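The values are calculated or read from the model by the stated rules, or taken from the named source; none is laboratory data. These numbers were taken from a predicted model, which means no experiment stands behind them. Cβ: placed from backbone, ideal geometry, glycine included. Neighbour counts: every protein chain shown. Quick note on the areas: whole protein, heavy atoms, side chains included, nothing else; ligands and nucleic acids left out. Shrake-Rupley method; radii C 1.70, N 1.55, O 1.52, S 1.80 Å.
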Amino acid sequence: MAKRNILKFGDPTLRMTSREVSEITPRIITLLDDMIETMRAAGGCGLAAPQVGVLRRIAVIEVDEGTVYELINPRIISFAGEQREQEGCLSNPGEFGITKRPKVVVVRALNRNGEEYELRGTDLLARAICHECDHLDGKLYTDVQIKRG
Ligand code: ZN
């Protein structure tokens with residue numbers, strides 16, 4: 001495993017749309033491992049592939065320490081409710097904003113074994129799912145920020 005460099009806000013790569021993963025190759029597995037290491041080293045609870053300069057639809061989330069969700073080709077299939085909470089991004093260190101997000105989100109994705117699964121997140125996990133999926137479409141939390149904070 002290797003730590004990768006995290007791109008910062010202002011880098012045009014963060015505004016690009018990522019491509020679907022058609023085959024989970026050893027390269028993709030290495031990328032997942034590196035992303036987990038990079039997220040942990042930076043003290044974050046989520047990281048998307050474009051943040052390390054790879055325009056593929058991949059994200060990792062670790063809201064509860066020790067429980068890592070790997071999301072390949074994630075699609076949010078339902079959402080409900082609303083929350084307004086503080087949100088930050090490893091690509092914008094030290095900055096935070098209050099965003100409006102769904103309270104509950106269900107996402108469908110593949111894991112590293114190519115198996116489809118569904119993940120239901122509430123509160124922080126719901127925010128993290130939305131935040132990371134947005135990265136794959138070149139969207140940043142500041143786009144949905146209702147105020148700084
Ligand atoms: Zn982010």
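Find how much the distance from T122 to E85 grows on full extension, using 0.36 nm per residue of separation minus their present alpha carbon separation; answer in nm with one decimal. Provide the component values of the computation, followed by the final result.
Details: separation 37, 0.36 × 37 = 13.32 nm, distance 1.24 nm.
Stretched fully, the T122-E85 segment lengthens by 12.1 nm.
With each label modelled as a point 7 angstrom along the Cα→C-beta vector, the E20-A41 pair spans 3.3 nm.
Note on K100: lysines with a C-alpha under 30 Å away, same-chain residues under 8 apart excluded, are K8, K139, K147. Put a plus charge on the Cβ of each Lys and Arg, a minus charge on the Cβ of each Asp and Glu, and nothing anywhere else: the dipole of the range 12-148 about its Cα centre is then about 500 debye. In a fully extended conformation the segment linking K147 and F9 would gain 47.9 nm over its present Cα-Cα distance, using 0.36 nm per residue.
Rounded to the nearest 10 square angstrom, K8 shows an accessible area of 100 square angstrom against a 1.4 Å probe. Dimensions of the chain from C-alpha coordinates, computed as largest minus smallest value along each principal axis and given longest first, are 41, 31, 29 Å. Summing Lys and Arg as +1 and Asp and Glu as -1 over all other residues whose Cβ lies under 9 Å from the Cβ of A126 gives a net charge of +3.
Mind giving me the FRET efficiency for V68 and F96? R0 is 35 Å, r the Cβ-Cβ distance, nearest 0.05 is fine.
Working: r = 23 Å, r/R0 = 0.66.
About 0.90, to the nearest 0.05.
Enumerate the residues in the range 34-62 having an amide nitrogen under 16 Å from the point lying 7 Å beyond the Cα of A2 toward its Cβ. Label zone hits: 34-39, 52-54.
Ranking T25, I6, G114 by how far each Cα lies toward the positive end of the dipole of the chain (charges on Cβ) leaves I6 at the top.
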